[in-house]
Each structure stands twice: as C-alpha cells, then as structure tokens.
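Trainee: The following block contains the structure, expressed as structure tokens.
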Amino acid sequence: MQTVLGSNGQIGQEIAKEIHKNYTKEIRLVGRKPKKIHESDELVAADLMNYEDTYKAVDGSDIVYFAVGLPADSEMWENQFPTIMANVIKACQETSSKLAFFDNTYMYEKNDNIQVEDSPFIPRGRKSQVRADIADMLLSAMKDESIDAVIGRAPEFYGPDLTQSITNSMVFNRVKEGKRAIVPLSDSVLRTLIWTPDASRALALLGNTSDAYGETWHLPTDINITYRSLVNKVEKITGKKVSYTVVPMWIFKVGSLFNKQVKELMELLPRYKYDNIFNSNKFKERFPDFEITTFEEGINKVFSKK
C-alpha cells in the first residue's frame, strides 16, 4: 500500500497516477475530501492536524507521500504545517512506514548562488521560515534514524491543469485569456522551473528506490531559462504575438498594501532579481534514464488544454 497525503492537489494527483502506472494498484488517497483517480483507489478523509486521523491515514502503508499543500497564507502555514509534519513523522515512526516528502526552495537564500542539496537554509519571510522549520524537523528525525525518509525538493513550478505558480498565473493563464503577461522584476535573469508531472514522477521514483532514502534530492529540471525566452517559446508554439510587462518591485510593494495575495508574494520576489539556478545533477546522474519534459513539450501541453 502506498499512500498520498494531499491527493487532491496537482502534485498529489500526479504522484498517484505514477504509482498506479509503474509501482502498485494498492493506493490510498488522503485529504479532507479525497476523490478517486483510479477505480481501485482507497479513500480516507482525514484532518492531518489531528493525530488520530493522521495515524489512521498512514497505518498499513509501505510508503507515504507528503504532498500536502496550503493556500499562500502565512498565518495558516505557521498554525498548521508544523503540526501536520509532526503528526506525519510520528505516525510513520509508529507504523514503520517510509516517508517521501515533497519539499520546495522557500528556505534557500534569495540570491544568485547556485542551489544544491546542501545549500544552507537562510529563510527570509514567514512562509520561508515555516518551510525551513518543517524540513529541519524531518532532517532531524532522519539523522537520528527514527524514520526512513527521503526528501525531494523542487524549484518553482509550471504545468498543466491545477498547477499553481507565478509562471502559470502571471504568464500562461493571462496569455490564454488574451491579456498581457506579467513578468516580475526582470525578463533577462535565468530561472529554473520544473514541470509538475516530472516533479511527481521523480518523487515516486525516489520513494520506490530503497537506496535513495536518508538523503535530500533536487528533482530534475530542463535547462535554465529567462522569461524573455519563455515568452518566445510560447509565441512559437501558439503562433501568436505575446505582449508582456515587466513589473518592478515598487509596484508590487504598493500593491501589497491593498491586496493580500500580493502581500503573501512579497517574500518570494527578491529571487526574481537574480539568476535563480537550481542544480539537479545528483538526481540526473543517479537516474540517467529519467525522461525530463522540455519547455517546448511542456508549453505545448499547457496550451493544448481546453
């Protein structure tokens, strides 16, 4: 039995699809209101803030995937993520279930240093601090060998369907709606983006690779790209001229005074000022046959969706 916590989100759904395709049909999907993806899926409704619910969700699992997402709300993250992580770690320890944790890069320093698996955590912002804290919580349990766990860390997303990211919301979705795209701070610095189905496939692979445990892995990405080049690819694929506006930091600062979503975005924006390069060579060298979706392939899929 392999269990996906947070199965209604884009990452959780894609993990479940990959497990079903390549590893096992015995899948448990967990959420407040989980929905079946395959007919054979077992559904468990659970509040992971409650330990008893968490234990029931995890019990009997060989591998548990932590793909829980919360809205971009600093207070909610502070109130919920540490408790959820503590409950999941304890439940996995008590049931001897393996844990595959889907992590992000919020806690890395927001400068032009190349990000690798042992880059230091230098969180700036409330959500960044929470992500550092819950990663440290799991790393501590891994270090004392009280849990068999693996961490798969992803940079910023882009992807199909339910994918929530700056690139999707400010560029792809606006282009689909016939609006000007918005590029934060600079269109000429390099960025690393990961195609969400690749991130999920990679975490499922790590979860089903016994010697991957006990380590952190950067999930695999295509080449680094500027937003200018990304927009050019969109134009070639759609056959349409794409207009975009580079929005400077001061406009976001003004907007943050009136818009909660912009306010929550502010702690991430400094990384859009610099080349933000995420190195996944460790994964690529360990799994050379893993097929990484190119930007051309990914953008084609984004714009082929009706």
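Trainee: Report, by residue number, each residue of the range 209-228 that is surrounded by 16 or more Cβ atoms within 10 Å (Cβ to Cβ) and either without any contact (Cβ under 8 Å) to a residue 12 or more places away in the chain or of a type outside the set (Asp, Glu) (or both).
Mentor: Of the range 209-228, the ones surrounded by 16 or more Cβ atoms within 10 Å (Cβ to Cβ) are 212-213, 216-222, 224-227.
Scanning the range 209-228 gives Ala212, Tyr213, Thr216, Trp217, His218, Leu219, Pro220, Thr221, Asn224, Ile225, Thr226, Tyr227.
Trainee: Of all the residues that make up the range 61-72, how many are surrounded by fewer than 20 Cβ atoms within 10 Å (Cβ to Cβ) and farther than 18 Å from Phe157 by Cβ? Reasoning before the result, please.
Mentor: Residues of the range 61-72 that are surrounded by fewer than 20 Cβ atoms within 10 Å (Cβ to Cβ), as a first pass: 62, 69-72.
Still in the list and also farther than 18 Å from Phe157 by Cβ: 62.
The qualifying residues number 1.
Trainee: Hey, among Phe252, Phe278, Phe295, which residue is surrounded by 14 or more Cβ atoms within 10 Å (Cβ to Cβ), in contact with a strand residue (DSSP E or B) (Cβ under 9 Å, 6 or more places away or on another chain) and modelled with pLDDT under 95?
Mentor: Details: Phe278 fails: modelled with pLDDT under 95; Phe295 fails: modelled with pLDDT under 95.
So the residue among Phe252, Phe278, Phe295 that is surrounded by 14 or more Cβ atoms within 10 Å (Cβ to Cβ), in contact with a strand residue (DSSP E or B) (Cβ under 9 Å, 6 or more places away or on another chain) and modelled with pLDDT under 95 is Phe252.
Trainee: A further question follows. How do the helices (runs of 4 or more DSSP H) wholly within the range 148-247 filter down when requiring 2 or more residues that are of a type in the set (Phe, Trp, Tyr) and at pLDDT below 95: which remain? So that I can check it myself, show each step before the final result.
Mentor: Details: elements: 173-176, 196-207, 227-238.
Filter on the range 148-247 gives an empty set.
Trainee: While we're on this one: Any residue in the range 254-276 that is among the hydrophobic types (A, V, I, L, M, F, W, C) sitting within a Cβ distance under 8 Å of a residue that is not in a helix (DSSP H, G or I)? List the pairs, counting only those 6 or more apart or interchain.
Mentor: Sorted first by the residue in the range 254-276, then by its partner, the pairs are Leu265/Ala72; Met266/Gly125; Leu268/Tyr106; Leu268/Lys110; Leu268/Gly125; Leu269/Pro184; Leu269/Leu185.
Trainee: Could you tell me whether any residue of the range 117-126 is within 25 Å of Asn208 (Cα to Cα) and β-branched (Val, Ile, Thr)?
Mentor: Checking the range 117-126: not a single residue is within 25 Å of Asn208 (Cα to Cα) and β-branched (Val, Ile, Thr).
The values are calculated or read from the model by the stated rules, or taken from the named source; none is laboratory data. Predicted model only: the values in this text are computed from it and were never measured. All Cβ positions, glycine included, derive from the backbone under ideal geometry; neighbour counts span all protein chains shown.
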